[in-house]
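Engineer: Could you have a look at this structure, given as structure tokens, before my questions?
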Amino acid sequence: MDFMSGVTRVGAEWFPPAASCLSRPYKMAPACTNSFSCNGRVSEGGVTMTRFFGTPAGVKAGQFFIDRRELHEAFVHRPTQAGISGTKLEGSDSIVISGGYVGDEDNGDYIIYSGHGGKDPNSTRQIADQSRDAPGNAGLITSHAEALPVRVVRGKHKGSPFAPPAGYVYSGLYLVTQWWMEMRPDGFQIIRFRLERIDEQVPLEPQSLNLPDPEFATTIVSRRIRDSQLAREVKKLYDYECQVCEQAIPTSNNAFYAEGAHVRPLGRPHLGHDALSNILCLCPNHHSQFDLGGLVLTDQMEAIETRTMTPFASLSFRKNHVVAASNAGYHRALWLGARGMSSDLRLLQPTA
């Protein structure tokens with residue numbers, strides 16, 4: 001495949017040919033000496049260009065590839081060994097699912113995927129904690145923060161009805177919607193990611209009729225249906241004012257904008273409830289800060305900035321609306337645990 005024949009150069013930037021979805025321009029960059037990140041780069045005439053985000057021209061969801069070399073040459077997944085292509089600076093553009101970790105889930109339209117690192121190179125045994133700063137893990141965290149699409153490739157393995165019988169299949173574009181640190185039974189910490197398939201793509205076809213999660217399966221793919229009615233009720237209760245900053249965002253026609261935020265996430269494996277006791281009314285800034293772990297809540301509903309662990313606001317509440325302390329504690333444990341910190345904030349005093 002002559003990839004460079006379709007690349008357009010404008011000044012110092014290179015644009016991939018007809019890549020679908022959020023494609024970042026290739027940029028001129030000095031030669032890279034990091035083998036992990038260079039696996040995701042393209043070199044042409046001494047020019048090193050960064051990765052792009054989207055589906056390469058000529059590739060379709062459901063397309064099969066014989067081996068990793070074909071994936072590499074088609075620019076679907078550049079690393080020939082690593083399961084994650086990405087760096088902290090650029091984000092992660094692709095992953096391969098191969099059933100390498102106990103507890104991973106493949107439900108078609110959503111995936112629970114383990115990060116890399118901490119394994120004995122001579123076996124599959126976990127011998128150390130995984131790190132958020134490892135290149136691939138940090139790349140997926142960046143993709144989560146910046147909402148960058150990730151190409152998902154499935155390799156042959158017995159743990160998924162969506163895995164091919166042989167070789168590899170390109171399954172389309174996904175978004176990283178959550179990540180957290182998790183303790184394995186052997187005591188080692190690993191990082192988990194939840195990825196959800198972007199809508200308006202060719203539907204996935206399972207390789208067998210064995211549903212992976214019959215309790216939640218509705219058709220072929222299981223997904224929690226999120227009732228937005230309760231979120232609308234909460235926003236109306238607060239007149240669209242953020243419970244952290246008490247600001248409402250005005251729009252046209254004398255309307256206001258706010259967002260309903262679930263404190264304990266709804267999707268697997270968190271299984272939070274779509275209930276008033278699990279929903280906040282937040283402005284977009286504080287919603288993003290909350291979802292990305294920059295803001296956690298004490299049991300007394302104090303907002304804590306996790307960079308400094310300093311309380312900066314008391315949440316406002318109206319009428320009989322109460323958020324369960326157990327939901328705040330779950331969210332707090334997710335993000336403080338990811339930083340290797342205790343989620344016990346009982347010693348923090350409410351602000352005046």
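The values are calculated or read from the model by the stated rules, or taken from the named source; none is laboratory data. Only a predicted model underlies this, so the values are computations on that prediction, with no experimental measurement involved. Cβ coordinates were reconstructed from backbone atoms using ideal geometry, including for glycine residues, and neighbour counts include every protein chain displayed.
Engineer: Tally time: how many residues in region 244-268 are at pLDDT below 90, over 19 Å from GLU233 (Cβ atoms) and surrounded by 14 or more Cβ atoms within 10 Å (Cβ to Cβ)?
Structural biologist: Qualifying residue count for the region: 3.
Engineer: Only one residue in VAL59, VAL76, VAL102 is assigned to a loop (DSSP other than H, G, I, E, B), among the β-branched types (Val, Ile, Thr) and more than 20 Å from GLY172 (Cα to Cα). Which one?
Structural biologist: Numbers: VAL59 fails: more than 20 Å from GLY172 (Cα to Cα); VAL76 fails: more than 20 Å from GLY172 (Cα to Cα).
VAL102 is the lone residue from the list that is assigned to a loop (DSSP other than H, G, I, E, B), among the β-branched types (Val, Ile, Thr) and more than 20 Å from GLY172 (Cα to Cα).
Engineer: Identify all residues within region 115-146 that are touching a residue at least 60 places away in the same chain (Cβ under 8 Å), among the hydrophobic types (A, V, I, L, M, F, W, C) and either within 21 Å of PHE52 (Cα to Cα) or part of a strand (DSSP E or B) (or both); write none if there are none.
Structural biologist: Within region 115-146, ALA145 is the sole residue that qualifies.
Engineer: Looking at the structure I just gave you, is VAL102 of a type outside the set (Lys, Arg) and either crowded, with 23+ Cβ neighbours inside 10 Å or closer than 23 Å to GLY337 by Cβ (or both)? Steps first, answer last, please.
Structural biologist: Numbers: of a type outside the set (Lys, Arg): yes; either crowded, with 23+ Cβ neighbours inside 10 Å or closer than 23 Å to GLY337 by Cβ (or both): yes.
Against the criterion (of a type outside the set (Lys, Arg) and either crowded, with 23+ Cβ neighbours inside 10 Å or closer than 23 Å to GLY337 by Cβ (or both)), VAL102 qualifies.
Engineer: Here's something else I'd like to know. Just to be sure, is LEU271 surrounded by 15 or more Cβ atoms within 10 Å (Cβ to Cβ) and not hydroxyl-bearing (Ser, Thr, Tyr)?
Structural biologist: Numbers: surrounded by 15 or more Cβ atoms within 10 Å (Cβ to Cβ): no; not hydroxyl-bearing (Ser, Thr, Tyr): yes.
The answer is no for LEU271.
Engineer: Working carefully through the options VAL153, VAL169, find the one that is of a type in the set (Val, Ile, Thr), within 20 Å of the chain's Cα centre (by Cα) and at pLDDT 85 or above. Write out each step before concluding.
Structural biologist: Numbers: VAL169 fails: within 20 Å of the chain's Cα centre (by Cα).
None of the others qualify; the one that does is VAL153.
Engineer: Looking at (1) of a type outside the set (Phe, Trp, Tyr); (2) touching a helix residue (DSSP H, G or I) at 6+ places or on another chain (Cβ under 6 Å); (3) modelled with pLDDT of 90 or more; (4) surrounded by fewer than 17 Cβ atoms within 10 Å (Cβ to Cβ), which is the only condition GLU70 fails?
Structural biologist: (2)
Engineer: Kindly provide the set of residues from region 105-118 that are surrounded by fewer than 20 Cβ atoms within 10 Å (Cβ to Cβ), closer than 12 Å to ILE191 by Cβ and more than 13 Å from the chain's Cα centre (by Cα), ordered by number.
Structural biologist: GLY117, GLY118, listed by residue number.
Engineer: Same structure, new question: Of all the strands (runs of 3 or more DSSP E) wholly in region 255-340, which have at least 3 residues that are farther than 27 Å from GLN189 by Cα?
Structural biologist: Values: elements: 259-262, 279-282, 295-297, 302-305, 310-314.
In region 255-340, 259-262, 279-282, 310-314 are the strands (runs of 3 or more DSSP E) which contain 3 or more residues that are farther than 27 Å from GLN189 by Cα.
Engineer: Which one is farthest from the chain's Cα centre (by Cα), of the residues in region 283-294 that are under 16 Å from TYR257 (Cβ atoms) and crowded, with 17+ Cβ neighbours inside 10 Å?
Structural biologist: So the first thing to find is which residues in region 283-294 are under 16 Å from TYR257 (Cβ atoms), and the list is 283-288.
Subsequent filtering for residues that are crowded, with 17+ Cβ neighbours inside 10 Å retains 283, 286-287.
Numbers: CYS283: 21, HIS286: 19, HIS287: 16 Å.
Per the stated criteria, the residue is CYS283.
Engineer: While we're on this one: Out of everything in region 295-312 that is over 18 Å from ALA324 (Cβ atoms) and surrounded by 15 or more Cβ atoms within 10 Å (Cβ to Cβ), what residue ends up being nearest to the chain's Cα centre (by Cα)? Even if it seems obvious, please write down each step before you answer.
Structural biologist: From region 295-312, those over 18 Å from ALA324 (Cβ atoms) are 305-312; that's our starting set.
With surrounded by 15 or more Cβ atoms within 10 Å (Cβ to Cβ) added as a condition, the list becomes 306, 311.
Numbers: THR306: 20, PRO311: 27 Å.
Filtering first and then ranking leaves THR306.
Engineer: Take region 107-147 and flag every residue that is touching a Lys or Arg at 6+ places or on another chain (Cβ under 8 Å), under 20 Å from PRO79 (Cβ atoms) and of a type outside the set (S, T, N, Q).
Structural biologist: Matches in region 107-147: ILE111, TYR113, GLY115, LYS119, ASP133, PRO135, ALA138, GLY139, ILE141.
Engineer: Just to be sure I understand, how many residues within region 272-281 are hydrophobic (A, V, I, L, M, F, W, C) and within 20 Å of LEU175 (Cβ to Cβ)?
Structural biologist: Filtering region 272-281 for residues hydrophobic (A, V, I, L, M, F, W, C) gives 275-276, 279-281.
Keeping just the survivors that are within 20 Å of LEU175 (Cβ to Cβ) gives none.
Residues flagged as hydrophobic (A, V, I, L, M, F, W, C) and within 20 Å of LEU175 (Cβ to Cβ) within region 272-281 amount to 0.
Engineer: LEU280 is checked against (1) of a type in the set (A, V, I, L, M); (2) modelled with pLDDT of 95 or more; (3) over 26 Å from the mean Cα position of the chain (by Cα) and fails just one. What number does that condition carry?
Structural biologist: (3)
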